[in-house]
Amino acid sequence: MGIVRIPFMTGLVFALLLLSSCGPDYIFEETHEISEAGWAWSDTVNYTFEIPDTSTIYNLHLVVDHKDYFPNQNTYVRLKLAFPDGQRTNEQLSLQLADGIGTWLANCRGEDCSLDIPIQEGAFFDQAGTYTLTLEQFSRTEVLEGISALTFAIEKYVD
């Protein structure tokens with residue numbers, strides 16, 4: 001039996017398709033760009049998503065895109081979740097962007113950095129229906145400069 005030769009471009013396309021199919025199994029993913037002028041206290045970011053199945057377990061991610069000149073190693077946000085039945089929760093979360101000596105935890109290319117922060121692993125939703133997650137910046141600075149985008153993603157939990 002002879003050696004099968006695959007043309008370079010065919011092999012490259014096949015490899016790219018194979019790699020792209022191995023990513024997370026997101027049921028929801030949405031990005032909101034933040035103005036270059038900064039993220040003000042009054043600028044809320046809303047994500048509306050559907051949860052059809054209450055028996056599924058999920059991982060919740062927040063991807064923070066920031067500039068390498070961001071002045072803080074962390075920043076605080078408020079997370080407000082509105083449930084399908086009208087209930088609401090409100091919690092404060094510190095987004096750790098750098099370690100204790102100021103090294104970015106993110107992947108940086110030039111001045112653009114991106115960090116995937118797992119905000120809850122093994123989450124479940126006890127109501128099927130439409131949820132809305134609202135993010136508010138909650139730092140000491142009224143207008144926070146250096147955050148360029150926020151992506152919220154929900155991934156099916158895999159053991």
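Structure data summary
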{"read-out": "Per DSSP, loop trypsin sites (Lys or Arg not before Pro) in region 80-148 with at most 10 further Cβ within 10 Å", "value": "ARG140"}
{"read-out": "GluC sites (Glu not before Pro) restricted to region 29-102 and DSSP loop, no more than 12 other C-beta within 10 Å", "value": "GLU36"}
{"read-out": "Kirkwood Rh, Cα atoms: Rg over Rh of region 78-159", "value": "1.00"}
{"read-out": "Backbone N within region 22-52 under 15 Å of label point (7 Å from TYR69 Cα along the Cβ vector)", "value": "36-39"}
{"read-out": "Region 37-159 - charge dipole about Cα centre, Lys and Arg +1 at Cβ, Asp and Glu -1, debye rounded to 20", "value": "240 debye"}
{"read-out": "Normalised alpha carbon radius of gyration of region 63-118 [divisor 2.2 N^0.38 Å]", "value": "1.40"}
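Bear in mind that the values in this text are calculations on the coordinates, not laboratory data. Bear in mind that the values here come from a model prediction, so they are computed numbers and not experimental data. So basically every Cβ, Gly included, is an ideal-geometry build from the backbone, and we count neighbours across all protein chains shown.
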